[in-house]
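These notes are about the structure you will find just below.
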Amino acid sequence: MEQLLKLLEKNPTLTPKQMAVMLDRQESEVKAVIDDCTKKGIIKGYRAIIDWEKAETQMVKALIELKVTPKKGRGFDEIAMAIASMDEVEAVTLMSGGYDLLVEIRAKTFQDIAMFVFKRLSPMDDVNETATHFVLRPYKNAGIIYYDDEADERSFTAL
């Protein structure tokens with residue numbers, strides 16, 4: 001099952017027939033495992049990895065670190081799920097280190113993200129501190145390298 005899941009994670013456009021050939025299994029067996037994993041919630045969904053810069057679509061991504069006060073008896077789950085339920089939020093991760101939660105958000109402008117932090121996150125009772133980091137350029141995402149040997153437009157003059 002692990003090999004099948006890795007194949008599916010790397011390329012969700014593969015058909016069950018293609019995966020069966022790659023894994024030396026029967027197509028019906030591959031379909032059954034995929035169905036079972038979907039029913040059990042192991043497979044959460046499928047998505048394309050988009051290079052928004054190349055799509056020439058105005059899109060800003062930010063990583064927001066949060067220090068929060070965990071709820072007694074519920075830990076970080078309650079605050080994390082409240083944040084995860086917000087439409088603007090792409091991901092929420094509990095982490096160790098200087099901050100407790102990492103929130104990933106995407107919006108049209110830097111101002112939209114600033115207003116999200118100001119109006120939605122900062123006023124939450126359990127949020128003690130935020131640190132917002134804007135993504136300037138991705139080089140690799142979900143195992144996919146974005147770099148395409150683009151020409152470097154910076155000039156260099158030797159001394």
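The values are calculated or read from the model by the stated rules, or taken from the named source; none is laboratory data. Note that this is a predicted model, so its numbers are computed, not measured. When we count neighbours, we look across all protein chains shown, and the Cβ atoms used for this are built from the backbone with ideal geometry, even at glycine. Each accessible area value is taken on the protein alone, full model and side chains, heavy atoms only, with ligands, DNA and RNA left out. Shrake-Rupley method; radii C 1.70, N 1.55, O 1.52, S 1.80 Å.
If you take the residues of segment 61-82 that are over 29 Å from GLN111 (Cα atoms) and small (Gly, Ala, Ser), which of them is modelled with the lowest pLDDT?
Residue satisfying both the conditions and the ranking: GLY73.
I'd like to know if segment 17-32 contains one or more residues that are under 30 Å from ALA84 (Cα atoms), at pLDDT below 95 and open to solvent by less than 70 Å² (accessible area, probe 1.4 Å). First the steps, then the outcome.
Step one: list which residues in segment 17-32 are under 30 Å from ALA84 (Cα atoms), which gives none.
There is no residue in segment 17-32 that is under 30 Å from ALA84 (Cα atoms), at pLDDT below 95 and open to solvent by less than 70 Å² (accessible area, probe 1.4 Å).
Sort out which residues of segment 1-16 are hydrophobic (A, V, I, L, M, F, W, C), closer than 21 Å to ASN141 by Cα and either surrounded by fewer than 16 Cβ atoms within 10 Å (Cβ to Cβ) or free of Cβ contacts under 8 Å to residues at least 12 places away in the same chain (or both), and write them in order of number.
LEU5, LEU14
Are there any pairs with C-beta distances below 7 angstrom linking a residue in segment 65-87 that is farther than 24 Å from PHE134 by Cβ and open to solvent by 60 Å² or more (accessible area, probe 1.4 Å) to a residue that is part of a strand (DSSP E or B) and modelled with pLDDT under 90, with the two at least 6 apart or on different chains, and if so which?
That search, which allows pairs on different chains as well, returns GLU78/LYS71.
Tell me which of these LEU14 doesn't satisfy, since it passes every other one: (1) out of contact with any strand residue (DSSP E or B) (no Cβ under 8 Å at 6 or more places or on another chain); (2) aliphatic (A, V, I, L, M); (3) not in a loop (DSSP other than H, G, I, E, B).
Here LEU14 meets the rest and fails (3).
Taking the residues in segment 108-121 that are farther than 22 Å from PRO138 by Cβ and free of Cβ contacts under 8 Å to residues at least 40 places away in the same chain as candidates, determine which candidate is least open to solvent (accessible area, probe 1.4 Å).
If we filter segment 108-121 for residues that are farther than 22 Å from PRO138 by Cβ, which is where we start, we get 115, 118-121.
Next cut, free of Cβ contacts under 8 Å to residues at least 40 places away in the same chain only: 115, 118-120.
Working: MET115: 70, PHE118: 135, LYS119: 134, ARG120: 97 Å².
The residue in question is MET115.
Of the residues that make up segment 96-107, is at least one in contact with a Ser or Thr (Cβ under 7 Å, 6 or more places away or on another chain) and closer than 22 Å to TYR139 by Cβ?
yes
(1) loosely packed, with under 12 Cβ neighbours inside 10 Å; (2) not basic (Lys, Arg); (3) not in a loop (DSSP other than H, G, I, E, B): which one isn't true of GLY98, the others all being true?
Tallying (1) loosely packed, with under 12 Cβ neighbours inside 10 Å; (2) not basic (Lys, Arg); (3) not in a loop (DSSP other than H, G, I, E, B), GLY98 fails exactly one: (3).
Quick grid of which residues meet (1) touching a His at 6+ places or on another chain (Cβ under 9 Å); (2) part of a helix (DSSP H, G or I); (3) not basic (Lys, Arg):
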site: LEU8; (1), (2), (3): no, yes, yes
site: SER28; (1), (2), (3): no, yes, yes
site: ASP51; (1), (2), (3): no, no, yes
site: ILE64; (1), (2), (3): yes, no, yes
